[in-house]
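> Quick one: the structure is below, and I'll ask about it shortly.
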Amino acid sequence: MKDFWTRPAIVEHILWLLHQLRWTDPWIFEKKSSHGRYPIHVVLSYRCTQDQPALAAARVLTQLLLEACPHSASVRFNDKLPLHMAVENGWPCHDLILAAHPESLNDRDTTTDLFPFQTAAKFHQRGGSPISLDMTYELLRANPMHLCCLHGEARRRVSEEATLPCSEIS
(Lines give C-alpha, C1' and ligand atoms only; values in the text may rest on other atoms or scores of the structure.)
Protein backbone atom coordinates (compact mmCIF):
# COMPACT_ATOMS: atom_id res chain seq x y z
CA MET A 1 0.00 0.00 0.00
CA LYS A 2 1.31 3.44 -0.91
CA ASP A 3 2.00 6.16 1.60
CA PHE A 4 -1.00 8.47 2.04
CA TRP A 5 1.11 11.52 1.15
CA THR A 6 2.25 10.11 -2.20
CA ARG A 7 -1.31 10.01 -3.51
CA PRO A 8 -1.92 13.68 -4.46
CA ALA A 9 -5.56 13.26 -5.48
CA ILE A 10 -6.48 11.74 -2.13
CA VAL A 11 -4.47 14.33 -0.18
CA GLU A 12 -6.10 17.16 -2.10
CA HIS A 13 -9.55 15.71 -1.44
CA ILE A 14 -8.91 15.22 2.29
CA LEU A 15 -7.59 18.78 2.63
CA TRP A 16 -10.64 20.11 0.77
CA LEU A 17 -12.93 18.17 3.14
CA LEU A 18 -11.10 19.54 6.17
CA HIS A 19 -11.41 23.10 4.86
CA GLN A 20 -15.15 22.58 4.40
CA LEU A 21 -15.48 21.09 7.85
CA ARG A 22 -13.60 24.01 9.35
CA TRP A 23 -16.19 26.47 8.01
CA THR A 24 -19.27 24.37 8.78
CA ASP A 25 -18.28 22.83 12.13
CA PRO A 26 -15.31 24.74 13.57
CA TRP A 27 -15.89 23.34 17.06
CA ILE A 28 -14.47 19.99 15.87
CA PHE A 29 -10.98 21.51 15.65
CA GLU A 30 -11.29 23.18 19.04
CA LYS A 31 -12.33 20.07 20.95
CA LYS A 32 -9.88 17.85 22.79
CA SER A 33 -10.15 14.10 22.46
CA SER A 34 -10.93 11.94 25.48
CA HIS A 35 -7.14 11.57 25.86
CA GLY A 36 -6.62 15.35 25.96
CA ARG A 37 -5.27 15.76 22.42
CA TYR A 38 -6.19 18.43 19.94
CA PRO A 39 -6.16 17.48 16.24
CA ILE A 40 -2.71 19.11 15.89
CA HIS A 41 -1.31 16.68 18.48
CA VAL A 42 -2.73 13.70 16.64
CA VAL A 43 -1.26 14.77 13.31
CA LEU A 44 2.17 15.80 14.60
CA SER A 45 2.62 12.61 16.61
CA TYR A 46 3.15 10.72 13.33
CA ARG A 47 6.26 10.81 11.16
CA CYS A 48 5.92 13.27 8.31
CA THR A 49 6.52 12.22 4.77
CA GLN A 50 9.90 12.86 3.19
CA ASP A 51 8.37 13.04 -0.27
CA GLN A 52 9.13 16.56 -1.53
CA PRO A 53 5.79 17.30 -3.28
CA ALA A 54 3.83 16.02 -0.29
CA LEU A 55 5.65 18.31 2.15
CA ALA A 56 3.62 21.25 0.84
CA ALA A 57 0.41 19.39 1.64
CA ALA A 58 1.75 18.59 5.12
CA ARG A 59 2.29 22.31 5.69
CA VAL A 60 -1.24 23.09 4.44
CA LEU A 61 -2.68 20.54 6.86
CA THR A 62 -0.71 21.99 9.78
CA GLN A 63 -1.70 25.54 8.86
CA LEU A 64 -5.37 24.57 8.64
CA LEU A 65 -5.29 23.00 12.11
CA LEU A 66 -3.45 25.96 13.63
CA GLU A 67 -5.79 28.51 12.04
CA ALA A 68 -8.79 26.57 13.29
CA CYS A 69 -7.42 26.36 16.84
CA PRO A 70 -4.35 28.55 17.44
CA HIS A 71 -4.49 27.85 21.18
CA SER A 72 -3.56 24.20 20.53
CA ALA A 73 0.02 25.30 19.70
CA SER A 74 0.52 26.16 23.38
CA VAL A 75 -0.92 22.96 24.86
CA ARG A 76 1.32 20.09 25.89
CA PHE A 77 0.40 16.47 25.29
CA ASN A 78 2.58 13.81 26.92
CA ASP A 79 4.74 16.68 28.18
CA LYS A 80 5.47 17.87 24.62
CA LEU A 81 4.40 21.03 22.87
CA PRO A 82 3.36 20.75 19.23
CA LEU A 83 6.67 22.36 18.23
CA HIS A 84 8.60 19.54 19.92
CA MET A 85 6.40 16.93 18.27
CA ALA A 86 6.78 18.53 14.83
CA VAL A 87 10.56 18.75 15.10
CA GLU A 88 10.90 15.16 16.36
CA ASN A 89 8.75 13.78 13.56
CA GLY A 90 10.14 15.85 10.71
CA TRP A 91 7.16 18.11 10.04
CA PRO A 92 8.28 21.20 8.07
CA CYS A 93 6.02 23.57 9.96
CA HIS A 94 8.05 24.96 12.85
CA ASP A 95 7.53 28.49 11.51
CA LEU A 96 3.74 28.04 11.50
CA ILE A 97 3.76 26.77 15.08
CA LEU A 98 6.05 29.59 16.21
CA ALA A 99 3.71 32.13 14.61
CA ALA A 100 0.86 30.71 16.72
CA HIS A 101 2.92 30.29 19.91
CA PRO A 102 6.33 32.05 19.81
CA GLU A 103 7.06 31.16 23.44
CA SER A 104 7.50 27.49 22.50
CA LEU A 105 10.88 28.38 21.00
CA ASN A 106 12.21 28.86 24.54
CA ASP A 107 10.53 25.82 26.09
CA ARG A 108 12.62 22.74 26.56
CA ASP A 109 11.13 19.35 25.87
CA THR A 110 10.41 18.09 29.38
CA THR A 111 11.31 14.48 28.54
CA THR A 112 14.67 15.22 26.87
CA ASP A 113 15.47 18.65 28.35
CA LEU A 114 16.38 19.83 24.83
CA PHE A 115 15.51 23.10 23.14
CA PRO A 116 13.69 22.69 19.80
CA PHE A 117 16.85 23.44 17.79
CA GLN A 118 18.69 20.68 19.67
CA THR A 119 15.91 18.21 18.95
CA ALA A 120 16.10 19.10 15.25
CA ALA A 121 19.88 18.57 15.29
CA LYS A 122 19.43 15.23 17.04
CA PHE A 123 16.84 14.19 14.45
CA HIS A 124 19.23 15.16 11.64
CA GLN A 125 22.06 13.23 13.25
CA ARG A 126 19.86 10.10 13.42
CA GLY A 127 19.50 10.17 9.65
CA GLY A 128 16.74 12.72 9.39
CA SER A 129 15.96 14.58 6.22
CA PRO A 130 17.82 17.60 4.85
CA ILE A 131 14.86 19.60 6.14
CA SER A 132 15.95 18.86 9.71
CA LEU A 133 19.27 20.61 9.12
CA ASP A 134 17.46 23.68 7.77
CA MET A 135 15.08 23.48 10.71
CA THR A 136 17.99 23.35 13.17
CA TYR A 137 19.51 26.46 11.65
CA GLU A 138 16.20 28.36 11.50
CA LEU A 139 15.29 27.52 15.10
CA LEU A 140 18.71 28.50 16.36
CA ARG A 141 18.67 31.67 14.29
CA ALA A 142 15.29 32.57 15.81
CA ASN A 143 16.95 32.72 19.23
CA PRO A 144 20.75 32.55 19.17
CA MET A 145 20.81 33.25 22.92
CA HIS A 146 20.22 29.53 23.46
CA LEU A 147 23.86 28.93 22.54
CA CYS A 148 24.99 31.40 25.16
CA CYS A 149 22.81 29.71 27.76
CA LEU A 150 24.11 26.27 26.83
CA HIS A 151 27.68 27.52 26.85
CA GLY A 152 27.11 29.00 30.31
CA GLU A 153 25.61 25.71 31.56
CA ALA A 154 28.58 23.75 30.21
CA ARG A 155 31.08 26.11 31.84
CA ARG A 156 29.17 25.92 35.13
CA ARG A 157 29.21 22.09 35.04
CA VAL A 158 32.92 21.99 34.31
CA SER A 159 33.68 24.36 37.19
CA GLU A 160 31.41 22.35 39.53
CA GLU A 161 33.09 19.09 38.53
CA ALA A 162 36.52 20.65 39.05
CA THR A 163 35.67 21.13 42.74
CA LEU A 164 34.45 17.54 43.25
CA PRO A 165 36.67 14.64 44.22
CA CYS A 166 37.32 12.32 41.23
CA SER A 167 35.11 9.59 42.70
CA GLU A 168 32.02 11.86 42.53
CA ILE A 169 32.36 12.98 38.89
CA SER A 170 29.82 11.30 36.67
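> Collect the residues in region 102-123 that are open to solvent by less than 30 Å² (accessible area, probe 1.4 Å) and part of a loop (DSSP other than H, G, I, E, B), keeping them in residue-number order. Explain how you work it out, then say what you get.
Filtering region 102-123 for residues open to solvent by less than 30 Å² (accessible area, probe 1.4 Å) gives 104-105, 109, 115-117, 119-120, 123.
Of everything in region 102-123, those that are open to solvent by less than 30 Å² (accessible area, probe 1.4 Å) and part of a loop (DSSP other than H, G, I, E, B) turn out to be ASP109, PHE115.
> Which one is nearest to LEU140 (Cα to Cα) among residues in region 69-84 that are open to solvent by less than 10 Å² (accessible area, probe 1.4 Å) and among the aliphatic types (A, V, I, L, M)?
LEU83
> Can you say whether ALA58 is within 23 Å of HIS19 (Cβ to Cβ) and part of a helix (DSSP H, G or I), as far as the supplied structure shows?
Judged against the criteria, ALA58 is a match.
> Does ALA73 satisfy being in a helix (DSSP H, G or I), of a type in the set (A, V, I, L, M), at pLDDT 95 or above and within 16 Å of the chain's Cα centre (by Cα)? Outline the logic, then answer.
Numbers: in a helix (DSSP H, G or I): yes; of a type in the set (A, V, I, L, M): yes; at pLDDT 95 or above: yes; within 16 Å of the chain's Cα centre (by Cα): yes.
When the stated conditions are applied, ALA73 passes them.
A quick yes/no check of all residues on (1) open to solvent by less than 90 Å² (accessible area, probe 1.4 Å); (2) modelled with pLDDT of 90 or more; (3) among the small types (Gly, Ala, Ser):
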| site | (1), (2), (3) |
| --- | --- |
| MET1 | no, no, no |
| PHE4 | yes, no, no |
| ALA9 | yes, no, yes |
| LEU21 | yes, yes, no |
| LEU44 | yes, yes, no |
| CYS48 | yes, no, no |
| LEU55 | yes, no, no |
| GLN63 | yes, yes, no |
| TRP91 | yes, no, no |
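> Could you count how many residues in region 40-71 are farther than 14 Å from TRP5 by Cβ and among the acidic types (Asp, Glu)? Don't jump to the end; show me each part of the working.
Step one: filter region 40-71 for residues farther than 14 Å from TRP5 by Cβ, giving 40-42, 44-45, 63-71.
Subset that is among the acidic types (Asp, Glu): 67.
Counting residues in region 40-71 that are farther than 14 Å from TRP5 by Cβ and among the acidic types (Asp, Glu) gives 1.
The values are calculated or read from the model by the stated rules, or taken from the named source; none is laboratory data. Computed from a predicted structure; not experimentally measured. A quick note on method: Cβ atoms are made from the backbone with ideal geometry, for glycine too, and the neighbour counts reach across all protein chains shown. When the accessible area is computed, the model is the full protein with side chains, heavy atoms only, and any ligands, DNA or RNA have been set aside. Shrake-Rupley method; radii C 1.70, N 1.55, O 1.52, S 1.80 Å.
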